[in-house]
Amino acid sequence: ELLFCLLGGHGISYELNLSAADRLWERGLFRTARRLPKRSIQAELRKAQFEPRRSNGDLRRYRFPVRKAELLFAAQLWLEGIGSLAAEISAISCEFKRRDFLCSCPGIGPKSASWLLRNCGYARELAVLDIHVVRAMQACGRIDKADLVRDYEIVETEYLSWCRDYEADPARFDLIVWDFSRSRG
């Protein structure tokens with residue numbers, strides 16, 4: 001799940017993310033004790049081997065292979081330093097403190113940390129804020145402009161308030177918003 005979250009965002013589609021995560025997992029990234037060298041990660045990301053296929057049938061390369069390889073390599077080192085990620089997360093009782101801990105991993109910010117924690121069942125009240133959710137909140141008059149890097153917690157507070165207004169589970173609600181936004185193009 002950490003690998004999937006590290007590969008997501010920045011215009012990477014869910015399908016491309018999943019394909020790249022599967023390939024790197026097969027190569028042993030985050031799965032074996034042997035560290036995968038940065039140049040090997042980069043080489044894998046540069047290969048045209050990922051779904052979804054282009055309209056002409058060609059497989060895709062992963063975007064930003066140099067930067068992403070650097071982050072994935074640094075995340076490997078971080079994981080080596082902490083030992084069991086599940087044990088570390090389980091030892092922290094507060095969802096927000098769990099997120100703060102995960103944000104110490106290179107390449108992980110509040111969105112990715114919240115996403116990982118929710119996907120693994122370690123959080124229920126954290127928002128996974130992306131452009132789809134922000135646009136929906138703006139369209140409904142819940143927020144004006146927002147810079148998620150700077151204003152994540154402010155937007156998250158308003159998002160959770162929006163969920164409470166509709167008695168909606170935050171995880172299910174943002175999944176509905178995300179899915180609806182994707183279907184509208």
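The values are calculated or read from the model by the stated rules, or taken from the named source; none is laboratory data. Only a predicted model underlies this, so the values are computations on that prediction, with no experimental measurement involved. Please note: Cβ atoms are built from the backbone with ideal geometry, for glycine as well, and neighbour counts cover all protein chains shown. The area values use the complete protein model at the heavy-atom level, side chains included, leaving out ligands, DNA and RNA. Shrake-Rupley method; radii C 1.70, N 1.55, O 1.52, S 1.80 Å.
Okay, here's what the table says:
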quantity: Among TYR159, ALA21, GLY121 - extreme Cα towards positive end, dipole of the chain, charges at beta-carbon; calculated: ALA21
quantity: Most mobile of GLN49, GLN76, GLN138 in a GNM of the chain (Cα contacts under 10 Å); calculated: GLN138
quantity: Within the accessible area of the stretch 1-97 (1.4 Å probe), percent carbon and sulfur; calculated: 51 percent
quantity: Acute angle (nearest 10 degrees) that the helix 148-165 long axis makes with the longest principal axis of the chain, alpha-carbon atoms; calculated: 50 degrees
quantity: Accessible-area ranking of HIS132, HIS10, largest first, probe 1.4 Å; calculated: HIS10, HIS132
quantity: Correct choice for Cα extents along the principal axes in Å that was computed from the model, options [x] 71, 44, 29; [y] 48, 47, 25; [z] 52, 35, 28; calculated: [y]
quantity: Computed FRET value (nearest 0.05) for LYS145 with SER181, which takes r as the C-beta separation and R₀ as 22 Å; calculated: 0.75
quantity: Under the Karplus curve 6.51 cos²θ - 1.76 cosθ + 1.60, θ = phi - 60°, whole-Hz ³J(HN,Hα) for the stretch 5-13, x wherever Gly or Pro sits; calculated: 5, 5, 7, x, x, 6, x, 7, 5
quantity: Contact order relative to length of the chain, as percent, for alpha carbon pairs under 8 angstrom and 6 or more apart; calculated: 16 percent
quantity: Solvent-accessible area per residue for the stretch 43-159 (1.4 angstrom probe, square angstrom); calculated: 54 Å²
quantity: J(HN,Hα) series, the stretch 111-125, from Karplus relation 6.51 cos²θ - 1.76 cosθ + 1.60, nearest Hz, glycine and proline x; calculated: 5, 5, 5, 5, 4, 4, 4, 5, 4, 9, x, 9, 7, 10, 10
quantity: Degrees separating the helix 65-82 axis from the principal Cα axis of the chain, which is the longest one; calculated: 80 degrees
quantity: Lys/Arg +1, Asp/Glu -1 at C-beta; the chain dipole; positive extreme among ALA43, ALA139, GLY11; calculated: ALA43
quantity: The chain: angle of helix 170-183 to the longest principal axis, Cα-based, in degrees nearest 10; calculated: 70 degrees
quantity: Percent of Cα-Cα distances greater than 18 Å, calculated over the stretch 103-185; calculated: 39 percent
quantity: Listed residues ALA20, ALA75, ALA87, most fluctuating in the chain (Gaussian network, C-alpha, under 10 Å); calculated: ALA87
quantity: Where labels lie 7 Å past Cα in the beta-carbon direction, separation of ARG46 and ARG27 in nm; calculated: 1.1 nm
